[in-house]
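**Student:** First, the structure itself, so that you have it in front of you.
The values are calculated or read from the model by the stated rules, or taken from the named source; none is laboratory data. The structure displayed is predicted, hence computed values, not measured ones. Here the Cβ positions follow ideal geometry from the backbone for every residue, glycine too, while neighbour counts run over all protein chains shown.
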Amino acid sequence: MSGPLRPPGISESDFRLALAEFAAIVGRAAVLSGDSAAQSYLDPFDPFPPGDARAHEASAVVLVADIDQLRAVLDVANRYRVPLWSVSTGRNFAYGGAAPRLKGCVVLDMQRMNRVLEINETLGYALVEPGVSYYDLYRELKARGSKLWLDPPAAGWGSVMGNTLERGFGTTPYGDHAAAQCGMEVMLANGELVRTGMGAMTGNRAWQVFKPGFGPSYDGMFMQSNFGIVTKLGVWLMPRPEGYLLCRYMFRHDADLETIVETLRPLKLDDTIQSNAAIESAMRWAAGVSTRKQWYDGTGAMPDALVDKMARALGIGRWNLRFCLYGPERMVKARRDVIHERFARIANAELIEMPFTDAAIEPKGGGDRSQVGIPNMDAFNLLNWRGGTGAHIDFSPVCPPLGQDAAKQARMVQERAAQYGFDYYGGFTVGQRSMHHIFAAIFNRDDAQQTGAARDLLEALINDFGAAGYGQYRTHLEFMDLAASQYDFNDHALMRMSETIKTALDPNGILSPGKQGIWPGKTTGRTP
């Protein structure tokens, strides 16, 4: 293909006509094309060395402002067979950002659709458009004097809708964002608008409080999929408690992980610990407050003895557990006493707790703010760990909250990461019945060797974990096909069903081809 980048299979003349029609719909300033137009939509953490072919580069960008514009853009895309990669704000960093899975797609950016449509103080929910960030919703709650808290993910600048549709998570009792979603408005590829659940009934007053509705429930079908474009989303918000108690445990030995999880699980199952609990390795903690060169400037993974030395110097454990308790002071302290009795059985476990605090008062410190509904950007401190142009791609397998599984997964990642020269920046977010194991391969994008090693490491980990029966809950664009291929029961029956749905709802294959490994039949970009 010669000339400017364009979608695969689209002639240069048809692409020019499509861009002109897009501009007539959304305004010329809202269509970006040409050599540098899509520059800001490249993945800043792309695991390819700078200067190499950009595997996930967009040919153009279209920014829509409302559903009428969206419907008209879809009509043009269908007529010219232009593939669109839809993003809410495009800040899904470590998993691809705003870049498309298929090189040459037109990015459909919905950040201009950024209204908070409703906040219901009595029933505790909000209704938002795609472009509303966690900061936007937080500011709106503050401006209204609301007594509701949101649940922010690690980086608060992202879209509420985008994070929820990717099944993101946070740390409060509402930390399972997909579970805290209720009611969608979705535009299908043909421009038809549907509402899920109770929203399918005109004038119904329970759209954001009862998810199923009548008959089949479709909310989950539009999460991590390319079956439609969500234009409105209901999210449940947490009533502000009377007070809170931030707690942290330090555990001195790397071998403590199995016992930590076994102690934690019953406390989560019976809701003694209300928030999601975060188990963080020493490296994960250290990368947020220091740089690698302060502790080790050699090649390969940091030696274990130096990890111990670093942990002692920073006053942290080899494993560190963070959680928050909420409610009246007497109830919070009763929960704390039960928890401490259980964890005191682990040798050298040390509890560090803040004073019980009125919920109207914000805590000091970084990541702890997310546990009381305050978005922040402290998670990006890890980009300084290796110096240069810091980047990371994340490996995100799921496992049951069993100590043997946690220890096995940590060991598998540590050993494979060391082979590729990476430190174990990892940890677990523990819900009631599952754990997300998040490992970040942190690299300097200015270093071609590190960048390539990060890409190779992620591929090896996906294959390793698939063979061991562990699947990812999301992954970087580059590995979507590989991650999806691990779900192989009955010769990949689930993927065949997804492809059947895709063909029925999007026969021209214009919506986000390749997302989560789901390709339309007419797209040539599928990888084996």
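**Student:** Arg101: among the basic types (Lys, Arg), under 17 Å from Gly228 (Cα atoms) and assigned to a loop (DSSP other than H, G, I, E, B), yes or no?
**Tutor:** yes
**Student:** Anything in the range 35-69 that is in contact with a strand residue (DSSP E or B) (Cβ under 8 Å, 6 or more places away or on another chain) and either of a type in the set (Gly, Ala, Ser) or more than 21 Å from Arg91 (Cβ to Cβ) (or both)? List them, or say none.
**Tutor:** Passing the criteria: Ala37, Ala38, Ala58, Ser59, Ala60, Ile67.
**Student:** Of the numbered conditions (1) touching an Asp or Glu at 6+ places or on another chain (Cβ under 8 Å); (2) basic (Lys, Arg); (3) at pLDDT 95 or above, Arg28 fails exactly one; give the number of that condition.
**Tutor:** Result: Arg28 fails condition (1) only.
**Student:** Considering (1) under 27 Å from Gln432 (Cα atoms); (2) modelled with pLDDT of 95 or more, say which one Lys232 fails and leave the rest.
**Tutor:** (1)
**Student:** Considering the range 224-237 alone, what residues qualify as being closer than 12 Å to Ile518 by Cβ and either of a type outside the set (A, V, I, L, M, F, W, C) or not assigned by TED's automatic domain parsing to the domain that holds Thr196 (or both)?
**Tutor:** Gln224, Ser225, Asn226, listed by residue number.
**Student:** Of the residues Ala467, Ala493, Ala454, which single one is of a type in the set (A, V, I, L, M, F, W, C) and buried (at least 18 other Cβ atoms within 10 Å of the Cβ)?
**Tutor:** On the way: Ala467 fails: buried (at least 18 other Cβ atoms within 10 Å of the Cβ); Ala493 fails: buried (at least 18 other Cβ atoms within 10 Å of the Cβ).
None of the other options fit; the residue is Ala454.
**Student:** Shifting gears a bit: Just give me the residues in the range 56-79 being under 21 Å from Asp14 (Cβ atoms) and part of a loop (DSSP other than H, G, I, E, B), in sequence order.
**Tutor:** Within the range 56-79, Glu57, Ala58, Ser59, Val64 qualify.
The rows are residues; the columns are (1) under 20 Å from Ala278 (Cα atoms); (2) not aromatic (Phe, Trp, Tyr).
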{"site": "Ile346", "(1), (2)": "yes, yes"}
{"site": "Leu351", "(1), (2)": "yes, yes"}
{"site": "Met354", "(1), (2)": "yes, yes"}
{"site": "Asp358", "(1), (2)": "no, yes"}
{"site": "Met377", "(1), (2)": "yes, yes"}
{"site": "Phe380", "(1), (2)": "yes, no"}
{"site": "Gly388", "(1), (2)": "no, yes"}
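**Student:** OK, next. Which helices (runs of 4 or more DSSP H) does the range 443-526 wholly contain that include 3 or more residues that are closer than 27 Å to Val430 by Cα?
**Tutor:** 448-467, 480-485
**Student:** Could you tell me which of the residues Phe22, Phe48 is hydrophobic (A, V, I, L, M, F, W, C), outside any loop (DSSP other than H, G, I, E, B) and farther than 15 Å from Ala98 by Cα?
**Tutor:** Sole residue among the options that is hydrophobic (A, V, I, L, M, F, W, C), outside any loop (DSSP other than H, G, I, E, B) and farther than 15 Å from Ala98 by Cα: Phe22.
**Student:** Failed condition for Met480, given (1) crowded, with 22+ Cβ neighbours inside 10 Å; (2) within 20 Å of Leu188 (Cα to Cα), with all others met?
**Tutor:** Going through the list (1) crowded, with 22+ Cβ neighbours inside 10 Å; (2) within 20 Å of Leu188 (Cα to Cα), Met480 breaks only (2).
**Student:** Looking at the range 32-42, is at least one residue assigned to a helix (DSSP H, G or I), more than 26 Å from the chain's Cα centre (by Cα) and free of Cβ contacts under 8 Å to residues at least 12 places away in the same chain?
**Tutor:** No, there is no match, as no residue in the range 32-42 is assigned to a helix (DSSP H, G or I), more than 26 Å from the chain's Cα centre (by Cα) and free of Cβ contacts under 8 Å to residues at least 12 places away in the same chain.
**Student:** With the requirement that a residue be free of Cβ contacts under 8 Å to residues at least 40 places away in the same chain and not acidic (Asp, Glu), what does the range 208-248 give you?
**Tutor:** Result: Phe210, Lys211, Pro212, Gly213, Phe214, Gly215, Pro216, Ser217, Tyr218.
**Student:** Of all residues in the range 323-355, count the ones that are without any contact (Cβ under 8 Å) to a residue 24 or more places away in the chain and in a strand (DSSP E or B).
**Tutor:** Within the range 323-355, residues that are without any contact (Cβ under 8 Å) to a residue 24 or more places away in the chain and in a strand (DSSP E or B) number 0.
**Student:** How many residues are among the β-branched types (Val, Ile, Thr) and free of Cβ contacts under 8 Å to residues at least 12 places away in the same chain when one looks only at the range 118-142?
**Tutor:** Filtering the range 118-142 for residues among the β-branched types (Val, Ile, Thr) gives 119, 122, 128, 132.
If we keep only those that are free of Cβ contacts under 8 Å to residues at least 12 places away in the same chain as well, we get 122.
Of the residues in the range 118-142, 1 are among the β-branched types (Val, Ile, Thr) and free of Cβ contacts under 8 Å to residues at least 12 places away in the same chain.
**Student:** Could you please find all residues in the range 189-235 being surrounded by 16 or more Cβ atoms within 10 Å (Cβ to Cβ), aliphatic (A, V, I, L, M) and under 28 Å from Thr122 (Cα atoms)?
**Tutor:** If the condition is that a residue be surrounded by 16 or more Cβ atoms within 10 Å (Cβ to Cβ), aliphatic (A, V, I, L, M) and under 28 Å from Thr122 (Cα atoms), then Met198, Val209, Met223, Val230, Leu233, Val235 are the ones that fit.
**Student:** Suppose we keep only residues that are in contact with an Asp or Glu (Cβ under 9 Å, 6 or more places away or on another chain) and in contact (Cβ under 8 Å) with a residue 60 or more places away in the chain within the range 53-70. Which one would you say is surrounded by the most Cβ atoms within 10 Å (Cβ to Cβ)?
**Tutor:** His56
To keep it simple, each residue is scored yes or no on (1) more than 27 Å from the chain's Cα centre (by Cα); (2) in the same structural domain as Gly427 (by TED's automatic domain parsing); (3) not hydrophobic (A, V, I, L, M, F, W, C).
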position	(1), (2), (3)
Gly168	no, no, yes
Ala189	no, no, no
Leu193	no, no, no
Ala200	yes, no, no
Pro216	no, no, yes
Phe222	no, no, no
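Residues checked against (1) within 21 Å of Gly234 (Cβ to Cβ); (2) modelled with pLDDT of 95 or more:
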residue: Ser86; (1), (2): yes, yes
residue: Phe93; (1), (2): no, no
residue: Gly96; (1), (2): no, no
residue: Asp109; (1), (2): no, yes
residue: Arg115; (1), (2): yes, yes
residue: Glu118; (1), (2): yes, yes
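**Student:** Next question. In the list Arg411, Arg416, which residue meets the criterion of being touching a residue at least 24 places away in the same chain (Cβ under 8 Å) and surrounded by fewer than 24 Cβ atoms within 10 Å (Cβ to Cβ)?
**Tutor:** So the residue among Arg411, Arg416 that is touching a residue at least 24 places away in the same chain (Cβ under 8 Å) and surrounded by fewer than 24 Cβ atoms within 10 Å (Cβ to Cβ) is Arg416.
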